[in-house]
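Here the structure is laid out as C-alpha cells; the discussion comes afterwards.
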Amino acid sequence: MELVPMGSIYVNAGFETFYKCCKHWISRLVDAKRRNGVYMYRIHRAARAAGLKVTIHFAEAECSASEAELATILRWMPDRLGHVIHVPESVKREIAARPGIGLELCLSCNVKAKMIVGSFDAHHFGEWWRVDGPVVVPCTDDVGVFGSPVSNEWALIQEHFHLEKDEILSLARKGIDVIFGGDEQKARLRELMW
C-alpha cells in the first residue's frame, strides 16, 4: 500500500502518473491469507481514490488465468491490462466488448521468456490488433534484460505481422487515448502525430 501515497504525491503536485499493479509481485509480498485478491483490490481501490490510473498484469501466466480470477479483475475496471497471454475465450469476448481499455503487449519479453508457444509470428498481438474496442499498445518489459526498446517492438510488429505504414500510424495514434497523461499532453501528442 506504500506505493499509493507515493503515486499520490505526483498527482497532487500536478503531474499525471500511474499506478501499475502487478499481481505476481504483490502475491510474493503478502502472506498466504491475503492472496485471495482482497489485498490487491484494496490497493486498486486506494489508487483509484488517489486519482491514479491502473494497469494490471493480466493472464501473464497460466496459473493466474482462471476465468473467475480474470472476471474479478475486469470488474475492477482497470485502465490497461498488461501481457494478456493466457486468456480464455469468454474473457476475450468481455475484453473486446470494452471500448478504450488499453492492452499492453510485450512481444520480445513474451517470446524471449518463453511465455508463449512459438516465436514472434505466433504472438497474440496478431489476434488483438484488429479487434475493435480495446486499444493495443506495443510495450517493452525490462529493456536491459530483453534488449528491445519500444522502437524495436514496433519494428517487430511490422516485420512479423506485415503491417503497412498507415496501419502502424493508426495503432500509434490510438495509443494516445490510453496514455496516463492529461488532456493537454494527449492533444500535444495528437498534433505531433498528424
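Among the residues of region 142-155, are any touching a residue at least 60 places away in the same chain (Cβ under 8 Å) and assigned to a loop (DSSP other than H, G, I, E, B)? No, the conditions are met nowhere in region 142-155.
Would you pick out the residues in region 178-187 that are surrounded by 14 or more Cβ atoms within 10 Å (Cβ to Cβ) and not small (Gly, Ala, Ser)? Matches in region 178-187: Val178, Ile179, Phe180, Lys186. Counting the residues of region 75-125 that are surrounded by 21 or more Cβ atoms within 10 Å (Cβ to Cβ), of a type outside the set (A, V, I, L, M) and on the phi > 0 side of the Ramachandran plot gives 1.
Residues that are under 21 Å from Arg48 (Cβ atoms) and either acidic (Asp, Glu) or modelled with pLDDT of 95 or more (or both): does region 58-78 have at least one? Looking for residues that are under 21 Å from Arg48 (Cβ atoms) and either acidic (Asp, Glu) or modelled with pLDDT of 95 or more (or both), one finds at least one in region 58-78, hence yes. With the requirement that a residue be under 13 Å from Glu153 (Cα atoms) and either among the acidic types (Asp, Glu) or in a helix (DSSP H, G or I) (or both), what does region 108-136 give you? Result: Ser108, Cys109, Asn110, Val111, Lys112, Phe120, Asp121, Phe125.
The values are calculated or read from the model by the stated rules, or taken from the named source; none is laboratory data. Note that the structure is predicted; figures quoted are calculated from it, not measured. Heads up, the Cβs are rebuilt from the backbone with ideal geometry, glycines too, and the neighbour counts pull from every protein chain shown.
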